[in-house]
Amino acid sequence: MLIRNVRADGFLKFRKIRLNYIPSRGLIGLIGPNESGKSSLGQLIQYALFGTTHKMTRGSIVDLIHWEEDHCIVELDLEHDGECYRIWREMDRLGSSYARLLRLDPEDLSTGEEVAAGVLQVQKEVFRRFQLGATETLHSFYLYRICLKCLKCLNRQTKFNFEKRSAKAF
């Protein structure tokens, strides 16, 4: 699965964010100072895929809405097995939530066929089509970030052994 575009209005610290034409090759890393939006972008992708994030165990889902907005809209375009898809979610401060999964026309990404509609239906279809479950993905999403923090604390030989084992796992 390749994430191609990410768009959101009123999500966490983003009043509006557009990341279009994300490269399909190479490794993409996010760097920046504290509070610059790196984790918020991760939560945006999690919410688009699953309708939840790793932080939702502590708060209400409507806490994902930007503090100056009354609703948010999130879109995630992705490629999987030669097909293009769009996951679209909208939520308001009253707790109303809606989701759609579209299979896009590869020649015209503005049109597509609705594959699933409704929060639960989209969640089931994301799992069925992409073999992605929220729990496993949410745990693995930040795993490498945690591992990198741990590496800073390890001595050189231990770090080398960890990287050697990690390379085999990935």
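The values are calculated or read from the model by the stated rules, or taken from the named source; none is laboratory data. These numbers were taken from a predicted model, which means no experiment stands behind them. Here Cβ is always computed from backbone atoms with ideal geometry, including for glycine, and neighbour counts include all displayed protein chains. To get the accessible areas, we keep the full protein, side chains included, count just its heavy atoms, and leave off ligands, DNA and RNA. Shrake-Rupley method; radii C 1.70, N 1.55, O 1.52, S 1.80 Å.
Before we move on, is LEU78 touching a residue at least 40 places away in the same chain (Cβ under 8 Å), of a type in the set (A, V, I, L, M) and in a loop (DSSP other than H, G, I, E, B)? Judged against the criteria, LEU78 is not a match.
Of the residues making up region 1-47, those that are open to solvent by 60 Å² or more (accessible area, probe 1.4 Å) and in contact with a helix residue (DSSP H, G or I) (Cβ under 7 Å, 6 or more places away or on another chain) number 3. Determine whether LEU64 is within 27 Å of GLY29 (Cα to Cα), open to solvent by less than 10 Å² (accessible area, probe 1.4 Å), touching a Cys at 6+ places or on another chain (Cβ under 7 Å) and touching a residue at least 24 places away in the same chain (Cβ under 8 Å). Yes, satisfied.
Among the numbered conditions (1) more than 23 Å from ARG129 (Cα to Cα); (2) surrounded by 12 or more Cβ atoms within 10 Å (Cβ to Cβ), the only one that LEU78 does not meet is (1).
Scanning region 126-142 for residues that are of a type outside the set (Ser, Thr, Tyr) and closer than 17 Å to ILE45 by Cβ turns up VAL126, PHE127, ARG129, PHE130, GLN131, LEU132, GLY133, ALA134, GLU136, LEU138, HIS139, PHE141. Number of residues in region 81-119 that are farther than 23 Å from LEU132 by Cα and assigned to a loop (DSSP other than H, G, I, E, B) equals 5. Of the residues making up region 32-41, at least one is within 25 Å of GLU125 (Cβ to Cβ), within 17 Å of the chain's Cα centre (by Cα) and not in a strand (DSSP E or B).
Scanning region 108-145 for residues that are modelled with pLDDT of 90 or more, open to solvent by 60 Å² or more (accessible area, probe 1.4 Å) and touching a helix residue (DSSP H, G or I) at 6+ places or on another chain (Cβ under 8 Å) turns up just one, GLN123. Might you check whether a residue that is over 15 Å from VAL119 (Cβ atoms) and either touching a residue at least 12 places away in the same chain (Cβ under 8 Å) or open to solvent by less than 20 Å² (accessible area, probe 1.4 Å) (or both) occurs anywhere in region 94-101? Within region 94-101 (the criterion being over 15 Å from VAL119 (Cβ atoms) and either touching a residue at least 12 places away in the same chain (Cβ under 8 Å) or open to solvent by less than 20 Å² (accessible area, probe 1.4 Å) (or both)), the answer is no, since none of the residues qualifies.
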